[in-house]
Amino acid sequence: MNSPQVEPGRYRLRSNVIANVSFFVLSVGVGLWFTPYLIGHLGVAVYGLVPLATSVTAYMSVLTIALSGSVGRFITVAVARGDSSDANRTFNTAFFATLCLVLVLAPVAAAIAFFAPAVINIPVGQENGTRWLLMATMSGFLATALGASFAASSFARSRFDVRSGINALALVSRVGIVVLLFTAIAPRLWYVGIAVFSANLCWLAGHIWAWRRLTPELRLTGSDFDPSRLRVLTSTGAWLVVNQAGSLLFLGVDLLLVNMLAGATAAGSYAPVLQWSRVLRSLAAVVAGVLAPTIVAYHARGDREGLARIASLAVKTLGLALALPVGLLCGLGRPLLVAWLGPEFGRFTPLMWLLVGPLCVNLAVIPLFSVQLALNKVRWPGIITLAMGAGSVGLAITLAGPLGWGMYGVAAASAIMLTLKNTVYTPLYAAHILGQPVKAFLMPIVGSLAAVAFVASAGLLLCSAFGLDSWWGVLKAGAVVSLVYGVLAFFGLLSRRERNTVLSIALGARGRAR
């Protein structure tokens, strides 16, 4: 029997998608301006320490993901079933356990910040600035870790419009504080850390407000802390920790490896190109994240066929949608880098291909991770991800060091190993746990690969024919390719039923396409 509590999640799908895409557009626009701003004021080598500090906080997330990664699932299921008592036990257990973990991690963060100059390559004179940058950035991360329980409220209510608004507030705060300090005082590396910490406090405050407004039935009460519930949370979360550790070996150590193996200047050149990969990952995460509560809700009411159907459609449409920006970044990569950062960055076009090209596969399968979490089938994905992540690091060190590929070796290793995992294991495992045919999630990936090849080829052809060398040229070429691809993808690669579903979402229709 369908539970009425989950209906609003479907009705909000359109506004959630619009809100998330709007935030993505804002973040891209800010990033396009902010990256050259920081490079211009700090220099390439010093700028590279800013995204490196963000990467370091990701290592700490390996410990916090055990709680933050599973709390949203359990609260969503409890809310969908109308069980506020169960939701309160989950909420308070996760919050107080995370608070204890944050108190333990605080001195660890201080030690990492203090000893960082002995481990990574830092430009002369920036040692103390790097320490403060790392300390402030990691403190900001601990604030967001503490806020994960509050953020579960907007997830459970499928209010991604609220989440996007809070994220936008934090983004604008971070950039605004940097510009204010750089202008009023002087450009200093550690001022970026102050801005990150302040913005994360804004994020925490925003989610506390949303928690009070969206889930008044959830109360912060120490008596609701339940040790038995903690065991339930961590039983799921433990394998999420393993998965997160593996993901970091794929995606979170590349900048650190480049810094250690090729130097600070190489890392500073690698970081801006890597930013495009992170932008697309953010886009895929927010779009796929809109469907995550729906996937959990399908599981909560036992509709396995409906879950499989929506997961398959999500993989296909996400893959086709991402094929456009991935293909454009590969096809128009050189003129884009030149127009954005200057002629000296045009030589990093092959790096753009390595970092961005494989995303057509690696991001299309993100909805399948929500399926794994909804069914609580996270053990084997965690083991496989950790094993292949370790292999990726070993391959990166070999390619970048003994074989002399430098930063390109680090990028190539991650591309090879992660794409192999998500082309073979992830879709086959999803089909297995959902009882679907082997090809259920493989065919959408094939379509995404073909779409990226078409878009990238069209972009390269236009570059060759017209010698694009400016923002205006890049925008015109991108618009032409987007128009042609949009028509072909919508009418040629989607079935009538899939087109109707997409249109029903775009037009705000209330209900499923028939």
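Please go through the stretch 422-432 and give me each residue that is surrounded by fewer than 18 Cβ atoms within 10 Å (Cβ to Cβ) and either of a type in the set (A, V, I, L, M) or closer than 14 Å to Ile366 by Cα (or both), ordered by number. Don't jump to the end; show me each part of the working.
First pass over the stretch 422-432, keeping only residues surrounded by fewer than 18 Cβ atoms within 10 Å (Cβ to Cβ): 424-425, 428, 432.
Once the filter is applied, which keeps residues that are surrounded by fewer than 18 Cβ atoms within 10 Å (Cβ to Cβ) and either of a type in the set (A, V, I, L, M) or closer than 14 Å to Ile366 by Cα (or both), the stretch 422-432 yields Val424, Tyr425, Leu428.
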Test result for Ala440, over 22 Å from Val356 (Cα atoms) and either among the small types (Gly, Ala, Ser) or in contact with a Cys (Cβ under 7 Å, 6 or more places away or on another chain) (or both): yes
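Residues checked against (1) over 30 Å from Asn422 (Cα atoms); (2) surrounded by 23 or more Cβ atoms within 10 Å (Cβ to Cβ); (3) not acidic (Asp, Glu):
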site	(1), (2), (3)
Ser154	no, yes, yes
Gly165	yes, no, yes
Gly193	yes, yes, yes
Arg212	yes, no, yes
Hits in the stretch 167-191 - residues which are surrounded by fewer than 17 Cβ atoms within 10 Å (Cβ to Cβ) and not in a helix (DSSP H, G or I): Ile185, Ala186
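Yes/no matrix, rows are residues, columns are (1) in a helix (DSSP H, G or I); (2) modelled with pLDDT under 80:
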residue: Met1; (1), (2): no, yes
residue: Leu38; (1), (2): yes, no
residue: His41; (1), (2): yes, no
residue: Leu52; (1), (2): yes, no
residue: Val62; (1), (2): yes, yes
residue: Phe74; (1), (2): yes, yes
residue: Asp86; (1), (2): yes, no
residue: Phe91; (1), (2): yes, no
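Do you know which residues across the stretch 355-366 are closer than 19 Å to Leu434 by Cα and not in a helix (DSSP H, G or I)? Spell out the reasoning first.
If we filter the stretch 355-366 for residues that are closer than 19 Å to Leu434 by Cα, which is where we start, we get 364-366.
Those that are closer than 19 Å to Leu434 by Cα and not in a helix (DSSP H, G or I): Ala364, Val365.
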Where a residue in the stretch 394-412 is within 19 Å of Met352 (Cα to Cα) and its partner, wherever it lies, is among the hydrophobic types (A, V, I, L, M, F, W, C) and surrounded by fewer than 17 Cβ atoms within 10 Å (Cβ to Cβ), with Cβ under 8 Å and at least six apart: Gly409/Leu403
Subset of the stretch 209-233 (residues that are at pLDDT 85 or above, in a helix (DSSP H, G or I) and of a type in the set (Lys, Arg)): Arg212, Arg213
The stretch 76-97, residues that are of a type in the set (Asp, Glu) and crowded, with 16+ Cβ neighbours inside 10 Å: Asp86
Matching option when the condition is under 23 Å from Phe34 (Cα atoms), in contact with a helix residue (DSSP H, G or I) (Cβ under 7 Å, 6 or more places away or on another chain) and part of a helix (DSSP H, G or I), among Val296, Val326: Val326
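A quick yes/no check of all residues on (1) at pLDDT below 90; (2) crowded, with 20+ Cβ neighbours inside 10 Å; (3) aliphatic (A, V, I, L, M):
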residue	(1), (2), (3)
Val242	yes, yes, yes
Gly252	yes, yes, no
Ala267	no, yes, yes
Trp276	no, yes, no
Pro293	yes, yes, no
Thr317	yes, yes, no
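Table: residues versus (1) small (Gly, Ala, Ser); (2) buried (at least 19 other Cβ atoms within 10 Å of the Cβ); (3) not in a helix (DSSP H, G or I).
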{"position": "Leu99", "(1), (2), (3)": "no, no, no"}
{"position": "Leu103", "(1), (2), (3)": "no, no, no"}
{"position": "Ala111", "(1), (2), (3)": "yes, no, no"}
{"position": "Gly125", "(1), (2), (3)": "yes, no, yes"}
{"position": "Leu133", "(1), (2), (3)": "no, yes, no"}
{"position": "Thr137", "(1), (2), (3)": "no, yes, no"}
{"position": "Gly140", "(1), (2), (3)": "yes, yes, no"}
Out of Phe348, Phe369, sole residue that is out of contact with any Lys or Arg (no Cβ under 8 Å at 6 or more places or on another chain), over 30 Å from Gly72 (Cα atoms), assigned to a helix (DSSP H, G or I) and of a type in the set (A, V, I, L, M, F, W, C): Phe348
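Under 30 Å from Pro367 (Cβ atoms) and out of contact with any helix residue (DSSP H, G or I) (no Cβ under 6 Å at 6 or more places or on another chain), is that true of Val487?
Numbers: under 30 Å from Pro367 (Cβ atoms): yes; out of contact with any helix residue (DSSP H, G or I) (no Cβ under 6 Å at 6 or more places or on another chain): yes.
For Val487, the condition - under 30 Å from Pro367 (Cβ atoms) and out of contact with any helix residue (DSSP H, G or I) (no Cβ under 6 Å at 6 or more places or on another chain) - is met.
The values are calculated or read from the model by the stated rules, or taken from the named source; none is laboratory data. Every value quoted in this text rests on a predicted model; they were computed, and no experiment measured them. As a convention, Cβ positions derive from the backbone with ideal geometry for all residues, glycine included, and neighbour counts pool all protein chains shown.
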